[in-house]
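Working notes, structure below.
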Amino acid sequence: MTSNASATAMHELGFYTLAGAPRSPRDLIAEVTAAEAMGIGSCFISERFNIKEAATLSGAVGAISDHIGIATAATNHNTRHPLVTAAYASTMHFLTGGRFSLGLGRGIDALFDAIGLPRIKTAELEDFVGLMRRLWRGETVLGHDGPCGKYPYLRLDEGFDEHIPITFTAFGPNSLAFAGRACDAVVLHTFFTDETTQRCVRAVKSAAENAGRDPDSVRVWSCFATIGDHLPEAVRLKKTVGRMATYLQAYGDLMVRTNDWDPAVLKAFRADPFVASFSGALDQKASTAELEHVATLIPEEWLAPAASGTPENCVAAIQGQFDLGADGVILHGASPDDLAPIVSAWQSHRDPAEFAHLPANPGGLIERR
């Protein structure tokens, strides 16, 4: 990367590498290189237990980049020993010169049930975050017995005195409150209505303030579906209908409850013979014709919270997320190549002074001047 990439970095924007079901994890090399050259400020890494293991992908992104911020969004605290996770984060922290944020999430209950892991509780998360903070400060932890487990001995390096930001992916009230009082940044969910986004931002900032923290220091990222009309119709269908349908498959009740949508629509979606008999994630395995059928089951207003249309239309929608209180916007579900005309239009639209306080690290401390 050239020094120009750093000078033009837009720390208010992020993207997910390897969105959806990639053919190969090596695709991230071209994606991250393109994103950094375009000035996208942060790279988020989701985890699926196939070819998207988060620690491996994080190291790859850190090795091939120079300026872009990096965050997992998300991995789970109970899939690795705490010492392994702490060492993973500290390794990334030093590898990237402080550009990495460890991003955690609750995971999907049905998956945890299937693979024999306990469902994650808020108390476990809070206990775990406390352990990470202590280990990164160089402490030796003896005889820990808390909600996240019993550990006789934990230590990384007594010479450490590091702050590694922790990001949390949240949308339930308990998760939002936890993130506000204990974490450095929050990633919201895709397809949130304007009212839901505003409410979630307020919940995070209020929880931070109630915990004696500066509410402005906790960064809230809107995860905003971005599907320009320059993409083929079949691709747009997969990134809208397919993605929403997959969310409804995995945690539809929470999506409906969070957005105050009609639960009868979800019930009808689940009862549809095609959906009920479909095996796997709809956004990965359904054909275009099948997604066209699924589209008849999902109201347009459920898909409306997104950036769509011309680049100018997308830019207006992205600006709307900042107007609702978001500190950053993840242009979700699209590769940097897909986003190129939209990012270019945003670069022409943005006021650099509005975002000058944002650090490169997507969970980094916000320093208002």
Normalised contact order of region 231-306, rounded percent, pairs of Cα under 8 Å and 6 or more residues apart: 46
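Add +1 for every Lys or Arg and -1 for every Asp or Glu among the other residues with Cβ under 15 Å from the Cβ of Asn174, and state the total.
Around Asn174, the charge tally is +2.
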Going Cα to Cα from Lys239, which lysines come in below 17 Å? Please leave out same-chain ones fewer than 8 positions away. Lys285
Could you tell me the calculated FRET efficiency between Ala268 and Ala304, based on Cβ-Cβ distance and R0 = 30 angstrom, to the nearest 0.05? 0.95
Quote the relative contact order of the chain in percent (integer), defining contacts as alpha-carbon pairs under 8 Å separated by 6+ residues. 20
Roughly what % of DSSP beta bridges within region 121-219 run antiparallel, to the nearest 5? 55
Over region 1-122, what lengths in whole Å, largest first, do the semi-axes of the equivalent ellipsoid take, defined as the square roots of 5 times the eigenvalues of the alpha-carbon gyration tensor? 27, 15, 12
Two pseudo-spin positions, 7 Å from Cα along C-beta at Ala110 and at Ala316, lie apart in nanometres by 3.7
With an 8 Å cut-off on Cα pairs and a minimum separation of 6 or more residues, tell me the relative contact order of region 222-369 in percent. 35
Out of region 117-153, which trypsin sites (Lys or Arg not before Pro) are coil in DSSP terms and have no more than 16 other C-beta atoms within 10 Å? Arg119, Lys121, Arg137
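Report, in listed order, any pair from Lys52/Lys238; Lys121/Lys238; Lys121/Lys205; Lys205/Lys238 with a Cα-Cα distance greater than 27 Å. Mind showing how you got there, number by number?
Values: Lys52/Lys238 20 Å; Lys121/Lys238 32 Å; Lys121/Lys205 21 Å; Lys205/Lys238 34 Å.
Correct reply: Lys121/Lys238; Lys205/Lys238.
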Given the C-alpha centroids of region 331-369 and region 1-80, what is the distance between them in whole angstrom? 15
Computed from every Cα-Cα pair in the chain, P(r) in 20 Å bins starting at 0 and rounded to whole percents is 29, 61, 10
Neighbour counts of other C-beta atoms within 10 Å: give me Lys205, Lys238, Lys267, Lys52 arranged from fewest to most. Lys267, Lys52, Lys205, Lys238
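Based on Cα coordinates alone, diagonalise the gyration tensor for region 231-306, multiply each eigenvalue by 5, take square roots, and list the semi-axes in whole Å, largest first.
Ellipsoid half-lengths, sorted descending, are 18, 15, 10 Å.
For the chain, give me the percentage of DSSP beta bridges that are antiparallel, rounded to the nearest 5 percent.
Percentage antiparallel, nearest 5: 15.
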Order of Asp283, Asp145 - criterion: other Cβ atoms within 10 Å of each residue's Cβ, fewest first: Asp145, Asp283
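Any read-out appearing in this document is the output of simple, stated calculations on the displayed coordinates, not a laboratory observation. Because the structure is a prediction, the values reported are computed rather than measured. A quick note on method: Cβ atoms are made from the backbone with ideal geometry, for glycine too, and the neighbour counts reach across all protein chains shown.
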